[in-house]
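Read through the structure below, which is laid out as structure tokens, and then see the notes.
The values are calculated or read from the model by the stated rules, or taken from the named source; none is laboratory data. Predicted model only: the values in this text are computed from it and were never measured. Cβ placement follows ideal geometry from the backbone for every residue including glycine, while neighbour counts extend to all protein chains displayed. What goes into the accessible areas is simple: the full protein's heavy atoms, side chains included, and nothing from ligands, DNA or RNA. Shrake-Rupley method; radii C 1.70, N 1.55, O 1.52, S 1.80 Å.
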Amino acid sequence: MPITPGLLATLDRLDTTNDTSAWAAFLQDDTQDPNELVFALYHLLLQTRLRPAYILAAFLAEKGIQNPFLSIALGVGGLLFHNPEHEAYGLAQLTLQADQLLAEQPEVHDHIYKKIIEPTMTLLLASALPAADHAQTFRILSILQAFSPHFRTLFDWNAPIPEFSLAEMRRRGQAQQSLLLHYPLPPPEAPRPRRRVLVVIREYIFPDKPWSRPFDMGPRMVAAMNAYGWSTDFFPLKGVDLVAEAQAIVELCRQTGVELLFLDDDILLKAMPLRTHLLAQLRQVNPSIKVVGCLIDSWEVAAEILQEGAAGVDLIWATDSASRPVWTDPALADKVLHLPIPSGTDPISPAERPLTDQPHFSGSISGYNWHRAFWVAAFERVGLPVQTHVATHATDGLSALDSYALYMRQLAEATSCINLTMRANQTCTVTFRSFETLLAGSLLVQEASPSMVRHFILGEHYLEFSTLAELIALMRFVRDHRAEAEAIRQRGHRFAQERYNDAKLIGYWDKALFFPEPTPVSPSPRAEAVTPASPPSLPDSQPLLALAHTLRREQRLEDAQTLYTHLLALDPDNLDAMLGCAAVLGDQGSLPDSLALFIKIKEIAPELAGLEQAIQEVTGQAVQPYNTCLHAGAWEQALLIIEGLAILNPDNPFIRAQAAKTETELFTRIATRAYDSTLLDRQEATQLLLSVLFHA
């Protein structure tokens, strides 16, 4: 249903002028189509125009209309404009509607979360945080909980406090110990030439905000590399005129004979054509130059961008999400090192102070980690003795390295630190502070992240929690079992200092870049006569495979995916692990990836035990997402799903016919887009709205 021309402009004018009589006249106009007003409400929420959205929602609610967009606007408007009745009614309705959406149309639920809920949360918290208004923060949390069951579990005020078991946590850590990443160093006798290196990293932590503090990552890398014996320069990337800066980088490499270049790919991957041109020019200047793309926020980079970007660099330095499935892609698997950024300062000795039962939380609360606001308020509500410092990332007047050294000393003096890891898309990553807390000699108490087990051993080096109730139990354990907690603190510090000190971090890069593994040499005939021709023995995969199956049954899908991925890294031909991986991808909603893997398995081993049953399961899982894609106008995604199902179910005439129909519709819409992309976008938005109106 296209919106009547001028309707949104009329609503904008009514909101701007605040003319009550004009509002009344507009709403009393019997010619207004309620469905069209709901569509207008959707657009207002997309723009976070909360006041006119609330007025429209209140009017439509009086007409007896029910809809998730209306419920969101009533809940938010009731909060902002002091109408508890509207707030309570909107949230009660939203809870029912959102749960049904999540069960029946998860992609629509995800769209509303990303496009409406998340921006609204950020806007509401921006006013509550400066005033430290925890009561308002909890009312904002109630809106989020109404839409997202995950946050009901995370902050369940009535949940019983579980009994914390260090033995159980250690058991999980030991089961995952084989997932630890190991990187080799150069041979001890290898020479260490003074290589010419250039580090190109943003100057400020937020490149478009000069008031933000100087970003310490570049200076830390330079200091560590120079201490290693390389000759390293720093190019502070401002990000204002990337074209001019790219030319300056090429010219600097030409003049100084740079052998190795580290690039800020969090910035440059967003300007892919310019990045491609820059890399081509660099290789014209020096065909043997080595280039490393640096990513500290790979969690937010789309898989296809990572794959495209990998083609232009020698290696990728990723700090945050080692367990993300995309890293097992053949284009990426042999190109990425998952390592922290070196300190660039003197090693920190643990504070001589005894371990405190008042842990320290220090970090920013901003658009990419706004969930932290709820944790900070929750600490106070449940009486957790957490020392909280909310950072603003404003400059402190110190140099980048001096500021970082001060921060590390503060971590050491804290003796115990809570680290909150959730990002805007609800991914829990490894953060800088995950490493820094341990390197500084403090006890790390961390919000659970599936990537953490790639770097440290759970229960041996750090402690983790997933919900508020678990954090309360964990802090009680630290208070009542000080000696055991102190031992974990010491082990974590020793392990971090031994494995992630600056010299070793740069050594890992030195080895990966300049000491490639030798090509295996065929055995001599004599050796063949002595040694039986048998394949190399692989570690017994059955215990890990059984654990992965158990994790899947327990719906711990990220952990199961991590184990299946690890087993495939050990043995790419492990069909049982491949089948488990395909099934978990289906469970997680990554249907195109799941179907592609099932197709590969069917080509390799069509008679594999359990394959047909698994194909039937994923076929059943795919029906609702396929229909959701159709309703939302996501024809490319729908075609990927239905074509995969057609290959897996060649004898199903309905699926084959539906695949042909979807392909025809997609081509028609591509043609339409060529003539009027604006119209197509509007039509897709209409389809999305209608899917909510008639299926929720």
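Classify region 1-146 as rounded, prolate or oblate from the Cα gyration tensor: take a ≥ b ≥ c as the square roots of its eigenvalues, call it rounded if a/c is under 1.5, otherwise prolate when a/b beats b/c and oblate if not.
Working: a/c = 1.72, a/b = 1.27, b/c = 1.35.
Taking the square roots of the gyration eigenvalues as a ≥ b ≥ c, region 1-146 is oblate.
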Let me check against my output: what whole-number percent is the relative contact order of region 624-666, with C-alpha pairs under 8 Å and at least 6 apart?
37
For residue 122, project a label point 7 Å along Cα to C-beta. Then give me every residue of region 405-445 with its amide nitrogen under 17 Å of that point.
422-427
Over the chain, calculate the relative contact order: mean separation of alpha carbon pairs under 8 Å at least 6 apart, over the residue count, as a percent.
12
Helix 50-62 sits at what angle to the longest principal axis of the chain, using alpha carbons and giving 0 to 90 degrees rounded to 10?
50
Burial order of peptide ranges 502-513, 615-626, 487-498 (average beta-carbon count within 10 Å, highest first):
502-513, 487-498, 615-626
Spacing of the two label points (7 Å from each Cα toward its C-beta) at residue 288 and residue 608, in nm
4.4
Where a label projected 7 Å from the Cα of residue 380 along Cα→Cβ would reach, residues of region 129-156 with amide N under 18 Å
129-142
Compute the relative contact order of region 126-262 as a whole-number percentage, counting only Cα pairs closer than 8 Å that sit 6 or more residues apart in sequence.
23
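Go ahead and run the numbers for FRET between residue 47 and residue 547, Cβ-Cβ distance against an R0 of 60 Å, rounding to 0.05. Don't jump to the answer; show the numbers that get you there.
On the way: r = 47 Å, r/R0 = 0.79.
With a Förster radius of 60 Å, E is 0.80.
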Note the angle between two axes, namely the Cα long axis of helix 482-499 and the longest principal axis of the Cα atoms of the chain, as a number of degrees from 0 to 90, rounded to the nearest 10.
70
Between helix 557-570 and the chain, what is the angle of the helix's C-alpha long axis to the longest principal axis, kept within 0 to 90° and rounded to the nearest 10?
30
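Just to verify a number: FRET efficiency for residue 656 and residue 180, C-beta to C-beta distance, R0 = 60 Å, to 0.05?
Working: r = 46 Å, r/R0 = 0.77.
Taking R0 as 60 Å, the efficiency between residue 656 and residue 180 is 0.80.
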Report the FRET efficiency, 1/(1 + (r/R0)^6), for residue 515 and residue 20, where r is their Cβ-Cβ distance and R0 is 56 Å, rounded to 0.05.
0.15
Rg/Rh of region 184-301 (Cα atoms, Kirkwood Rh), to two decimals, equals 0.98
Over region 320-466, what percent of the accessible surface lies on carbon and sulfur atoms, probe 1.4 Å?
50
By average Cβ neighbour count within 10 Å, what is the ranking of 84-90, 12-18, 194-200 from highest down?
194-200, 84-90, 12-18
Points 7 angstrom from Cα along the Cβ direction at residue 211 and residue 157: gap in nanometres?
3.4
Of the beta bridges DSSP finds with both residues in region 367-512, what % are antiparallel, to the nearest 5?
10
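Given the Cα-Cα distance of residue 636 and residue 82 and 0.36 nm per residue of separation, how much length would full extension add, in nm? Mind showing how you got there, number by number?
Values: separation 554, 0.36 × 554 = 199.44 nm, distance 4.39 nm.
Extra length from residue 636 to residue 82 when fully extended: 195.0 nm.
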Is there a quick way to get the dipole size of the chain? I mean about its Cα centre, with the Cβ of Lys and Arg at +1 and of Asp and Glu at -1; what is the value in debye to the nearest 20?
1460
Go ahead and collect, in residue order, the members of region 334-359 whose backbone nitrogen is under 16 Å from a label point 7 Å along the Cα-Cβ direction of residue 170.
none
Could you look at region 94-252 and say what percent of its accessible area is carbon and sulfur, using a 1.4 Å probe and all protein chains?
58
Of (1) 1.28; (2) 0.93; (3) 1.05, which one was derived for Cα Rg over 2.2 N^0.38 Å from the structure shown?
(3)
Evaluated at q = 0.24, 0.28 Å⁻¹: base-10 log I(q)/I(0), Debye formula over Cα of region 125-186
-1.00, -1.13
Whole number in Å², please: accessible area per residue of the chain, 1.4 Å probe, ligands, DNA and RNA not counted.
45
